[in-house]
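Structure first, commentary second.
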Amino acid sequence: MPDLGFQLSNLSFAIDLSVGHIVHFTIDEKGRVLSPLHRAPWVDDPDAVFEETTPPNVRRLSGDFFCAPFGRNDVEPAPSHGWPANSAWSHSGTEESGDRLTAVFTLERKVMGATVEKRLTLRAGHPFLYQEHRLLGGEGAISVAHHVMVQMAAGGQLAVSPKSFAFTPDVAPEPDAARGRSILAYPSETSDLTSFPLANGGAADLGRFPPGERHEDFITLVEATMDEPNSAPGWSVASRNAEQDRVLVLKNTAQLPVTMLWMSNGGRDYAPWSGRHSGVLGIEDARASGAGHADSIRPNPLNARGVPTAFTLSDGKSISVRHAIGACSIHTDEGDVVGLATGSGRITLRFTKGRERSLVFDDGFLAGL
């Protein structure tokens with residue numbers, strides 16, 4: 001199934017309809033093309049080798065995709081990250097006006113009985129891809145997440161909205177030394193994002209990527225503010241050294257109260273990873289437990305602390321999840337990102353050198369859900 005592409009003004013994106021992954025999103029910034037999303041090297045390799053159990057979402061691993069549920073699928077039969085990340089979508093239509101394009105897609109399978117609709121919007125002059133996923137009807141409870149992946153070939157910096165704490169799960173992503181390596185301490189927790197415990201002693205600054213060499217790690221960051229529907233958005237900004245740009249990822253914190261970081265830096269030796277999937281940072285905004293669907297919908301350590309980990313589906317009910325991805329170039333006189341604010345149709349980035357820069361942004365898009 002071929003990728004389907006769309007363009008408006010200086011913006012473009014393409015979607016892999018076989019699995020619903022965004023293949024690429026590009027912004028032509030005054031003649032310089034920014035491409036913030038990662039695509040796994042084996043996707044376009046006709047000779048790629050896969051273990052028999054490799055799910056479609058790994059075989060076609062690209063850009064960003066919507067997970068429902070997130071991670072282990074141990075309630076309703078489906079591959080990891082659910083049918084939205086592993087099965088076909090239909091293009092339902094395209095809504096166009098002079099300065100706006102919205103492509104609409106429908107998942108060809110149901111999730112817990114719910115119909116899933118994807119709406120991807122470009123707006124002229126906005127260096128963002130606006131996403132909305134709607135779950136219509138269904139029964140039971142479901143966790144959800146976005147799965148944004150950013151290639152950082154020579155590392156970089158990560159700035160995030162205020163977090164209350166960060167923690168790793170009980171077991172490392174790669175506990176078997178014959179297959180791979182992880183370097184963070186599992187389990188562990190801290191409120192200091194600049195000093196997360198390492199397995200062999202010492203600490204990693206989560207604001208610097210990567211924190212080590214040849215490793216695969218997973219950590220959950222919990223928002224400091226998640227109770228107010230109209231509060232400031234949650235955000236992550238990855239500033240990339242080699243690419244000399246900044247990738248912006250934004251969410252509604254009441255909807256998606258956690259951000260899970262997947263650090264994929266050559267730490268898996270088995271196919272198709274084969275040590276070649278490196279310098280990739282996953283920024284996975286979620287309403288989920290990292291331990292899978294079943295854990296997300298029962299009492300767990302997160303919801304015990306007031307952090308919601310699932311939505312409740314019901315007949316006649318619609319749940320809307322919104323998210324935005326953008327990018328801008330790095331200016332040499334800025335320094336590191338230390339803050340982000342929205343208002344009056346703009347996003348304003350604040351930097352260590354005291355400077356500010358604003359980008360056009362629909363600040364009402366994420367609010368009030």
Item checked: Residue among Gly326, Val280, Gly156 farthest towards the positive dipole end of region 3-360, charges placed on Cβ -> Gly326
Item checked: Read-out Rg/Rh (Cα atoms, Kirkwood Rh), derived from the coordinates shown; its label in (1) 0.97; (2) 1.12; (3) 0.93 -> (3)
Checklist line | In range of the label at Arg305: residues from region 155-183 whose backbone nitrogen is under 13 Å from the point 7 Å along Cα→Cβ | finding: 163-170
Item checked: Net charge, Pro36 excluded, C-beta distance under 10 Å - Lys, Arg +1, Asp, Glu -1 -> -1
Next item on the list: Starting from the Cα-Cα distance between Asp336 and Ala271, subtract it from 0.36 nm times their residue separation and give me the gain in nm to one decimal.
Entry: 19.8 nm
Checklist line | Net lengthening on full extension, Ser314/Ser195 (0.36 nm per residue, minus Cα-Cα) | finding: 38.6 nm
Item checked: Neighbour-count order for Met112, Met263, fewest beta carbons within 10 angstrom listed first -> Met112, Met263
Next item on the list: Output ³J(HN,Hα) for region 192-207: one whole-Hz value per residue in order, computed from phi by the Karplus curve 6.51 cos²θ - 1.76 cosθ + 1.60 with θ = phi - 60°, and x for Gly and Pro.
Entry: 9, 5, 8, 8, 8, x, 9, 4, 9, x, x, 8, 10, 8, 5, x
Margin query: Between Arg268, Arg357, Arg60, where does the largest GNM mean-square fluctuation fall for the chain, given springs only between Cα atoms within less than 10 Å?
Written below: Arg357
Margin query: Using a 7 Å offset from the Cα along the Cα-to-Cβ direction at both Thr106 and Asp205, what is the distance between the two label points in nm, to one decimal?
Written below: 5.1
Next item on the list: Using only the Cα atoms of region 249-369, build the gyration tensor, take square roots of its eigenvalues as a ≥ b ≥ c, and label the shape rounded, prolate or oblate: rounded if a/c is under 1.5, else prolate if a/b is larger than b/c, else oblate.
Entry: oblate
Notebook entry, point to check: What residue among Val43, Val111, Val148 shows peak mean-square fluctuation when the chain is described by a Gaussian network model with Cα springs under 10 Å?
Noted result: Val43
Note to self: Can I get the semi-axes of region 58-179's equivalent ellipsoid? Compute them from the C-alpha gyration tensor as square roots of 5 times the eigenvalues, in angstrom, largest first.
What the structure shows: 28, 23, 14
Check: If you wrap a convex hull around the Cα atoms of region 195-259, how much volume per residue is inside, in Å³?
Finding: 107
Margin query: Need the list of aspartates and glutamates near Lys353 for cross-linking: C-alpha distance under 15 angstrom, and skip anything on the same chain fewer than eight residues off.
Written below: Asp333, Glu334, Asp336
Check: Under 20 Å from the Cα of Lys110, which lysines turn up, not counting those fewer than eight places away in the same chain?
Finding: Lys118, Lys317
Check: Build a GNM of the chain with springs between Cα atoms under 10 Å: which of Val58, Val280, Val116 gets the top mean-square fluctuation?
Finding: Val58
Checklist line | Ratio of the Cα radius of gyration of region 140-214 to 2.2 N^0.38 Å, where N counts its residues | finding: 1.24
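Which is the longest stretch in the chain that no exposed loop site breaks, taking sites as GluC sites (Glu not before Pro) with a DSSP loop state and at most 14 other Cβ atoms within 10 Å?
The reported range is 214-369.
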Check: Can you give the translational diffusion coefficient of region 183-226 in µm²/s, computed by Stokes-Einstein from the Kirkwood radius over Cα pairs at 37 °C and 0.692 mPa s?
Finding: 295
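Each reported figure results from applying straightforward, stated rules to the coordinates on display, with no laboratory input. The model shown is predicted, which means the values in this text are computed figures rather than measured ones. Positions of Cβ are generated from backbone atoms using ideal geometry, with glycine treated the same way; all protein chains shown enter the neighbour counts.
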